[in-house]
1. Decide, for the range B:98-209, between rounded, prolate and oblate: order the square roots of the alpha carbon gyration tensor eigenvalues as a ≥ b ≥ c, take rounded if a/c falls under 1.5, and otherwise choose prolate if a/b is larger than b/c, else oblate.
2. Expressed as a rounded percentage, what relative contact order does the range A:97-176 have, with Cα pairs under 8 Å and six or more residues apart?
3. With a 10 Å radius around each residue's Cβ, average the other Cβ atoms per peptide and rank A:380-390, B:313-323, highest first.
4. Just tell me how shielded A:395-403 is by partners: mean number of partner chain Cβ atoms within 10 Å of each residue's Cβ, no decimals.
5. Could you tell me how many degrees, from 0 to 90 and to the nearest 10, lie between the Cα long axis of helix A:132-145 and the main elongation axis, the longest principal axis, of the Cα atoms of chain A?
6. Mind checking A:162-175 for the average number of partner chain beta-carbons within 10 Å of each residue's beta-carbon?
7. Under the classification rounded if a/c is under 1.5, otherwise prolate if a/b is larger than b/c and oblate if not, where does the range B:30-354 fall, given a ≥ b ≥ c as square roots of the Cα gyration tensor eigenvalues?
8. When the helix-only estimate is applied to chain A (DSSP H runs of n ≥ 4, each -39,500 (n - 2.57), divided by the residue count), what is the mean residue ellipticity at 222 nm, nearest 500 deg cm²/dmol?
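Readers should treat all values here as calculations from the given coordinates under stated rules, not as data from a laboratory. Every value quoted in this text rests on a predicted model; they were computed, and no experiment measured them. All Cβ positions, glycine included, derive from the backbone under ideal geometry; neighbour counts span all protein chains shown.
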């Protein structure tokens, strides 16, 4: 071999029930290299990682093609345990930590350092005493290797999310033989500062010779740390480049396979004004743990796209959930002069409002059921649509033809990648699931649509499509849209006005053209003291 | 040439459909089916009365079918298997006893007992739901014990019931309902004999099977109605249901009441086919075979369909019917038959419960 490689994937291919998800994937990683793997949701990244880890899913569905070469030897990945023994560490997107245990205990779990004692001489290794002193030393070493200063004896439960992520990594690097670390979207749940810290830690680790495979959606992070970048699209490697040659726009373009245009939004015949208000919210209070709303007043203009922004935990998500009756709330919400009963989703839905929940898998979808049923159910229940004729509404039969027709139309319009309208929603990728959620809301043909975090956890291409679709609905049907999002950039891209929520109240409403400083100040609560920002 | 080209895709399509159907049927059911066929072959080889066994199988499928069907609404609405099935059964028994006490016989007896047990079961179902609503997530456990309590509570009732009909009460002492009440003189086998016909030596209990299939059909359509689908959404994901404007509590209530009513109807059908009404502790573990059957049919604790009910009823009841005599024939001279029946039926239940995910 010309140069030393930790990992080589040669001609990897995999298909599930006749659908090819990976085709001839080649990838190699050198020691101490940070190799970024990017691609849209559904591009095959997770499947590739499952193969690398010998996950049972792969074996159960007929194995894979090609060869995995680790440390110069061809290996047959049969189980996650084998992968671990070889020296592959995995940092999961969801934390695999025991909350009630200390950092040290989590790091050393099942690899405890022990000393012999009389009881263990009789009953075996399981009864040896824990060598807590050495365990803590090791843990401290691992934690400080990451450039972190946390006490190794705190319980994990109370730590901020970011720290939990670090402890996951500390656990992996504490394994003495670890040669390759796979990080699956490690920054997805982190704040920006935490993410920066993590990236620093990654660089430090790389310098100590550990190779890393870094899966992420955030392209700026890729450019910040990766030595090499591999881009997957539809199961194939479409490009591979060193960082020096890469630019965010270029990566995004290759990932999506079409260039992202940033065109101005189409004009309306009549711009929405304060003279024509569709919904008025007065003193809305919502009891949603972590996102409490404490007295929001808001007027939504007919035909506008209103953005609701703000930092996490300040209650921006709570507004839509409260109005739609999903969380306990008080206050008054008036639509077209009619007061909407709160705490009653049926009432909210039948006032021609629809909601796309931020909790896609929890509230947005019936994961075990078909795409078409997911799309049609709400409209069927609220508006008696997609039902065969009958006298007594509760017993009218579903109309499979109408449902199928709508599902096919939506699959086409929204470019939902699936095997057909009867596919289980669970089997779809995140972006496609989000499109099903949108289709579910569209089926109600609402006058006002509340959309929460529509692009969370979905890839660039799907993001564009979702935003385009929202603009399209707004312009062609005149649908009023209230979009809640943590991503200020996308709010500024499509919204007419952006309300910033701070500590459960609307701090102010800004124009999307307002400066970064104005947004930043308002999100931090500065403008509440009044600094010449136009408030509604 | 063009003919071949045309033939190819259709052939592929057929093969694909077959593979899908095969997967959906599930490996567990294929194994059981194979085992069942093997038993039939053995029965033939051993010279057993195979037509007789088939007759018994058909009867058992019909008599247990409705009780198995009773599991479906409970699973669909999200309370899991209805371990409280004996509650419904007790309602049916009460209906049957009252009808016999009034001296109704034949079709009148059957219909009246079905009709009066429905309102009783509705009331009991509502109360049952009120309890289950307070123990969300523990419905199956609580249902089991609630049913045990009810069975013993009703045992006291059967002892003290103010019924003086000599057909129903103990001949000696003249107080308390009998353990086993014969229905031969009232409405035993009314459904079994309706439109009964023979194919060779196999007797088909047409009325019994029709009654069951009719109920299946009704439930099938119900589950495709607006309310049925709302129930399905409730069981599948309560948050989704709530956000679709569905009254989740109401849907569970409907599911539990339906399950209880079907349990009541089921035991009347069962009893008239069996020829006896069995009181006291007899209904105590009546839920288990029904649960085993629907699980073997491919249901899970969270998802079930009519096809699971029908496949489960056929596989489980046929197996229970033919396995004991075949075992008996294999081990000649011993009295293994009853032991085999208990072992096989409980073994199947155990197997089905370990396979609560649908045997996939």
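1. Working: a/c = 2.26, a/b = 1.30, b/c = 1.73.
Taking the square roots of the gyration eigenvalues as a ≥ b ≥ c, the range B:98-209 is oblate.
2. Averaging sequence separation for qualifying contacts and normalising by length gives 42 percent for the range A:97-176.
3. Numbers: A:380-390: 18.1, B:313-323: 22.5.
Highest to lowest by the protection proxy: B:313-323, A:380-390.
4. On the way: counts 6, 4, 8, 6, 1, 1, 0, 0, 0.
Per-residue shielding by partner chains comes out at 3.
5. Taking Cα atoms only, the helix is inclined about 60 degrees.
6. Values: counts 0, 0, 0, 0, 0, 0, 0, 0, 0, 0, 0, 0, 0, 0.
Mean partner shielding for this stretch: 0.
7. Details: a/c = 1.65, a/b = 1.14, b/c = 1.45.
Verdict is oblate for the range B:30-354.
8. Numbers: 18 runs with 178 residues, N = 536.
After summing the helix terms and dividing by residue count, I get -9500 deg cm²/dmol.
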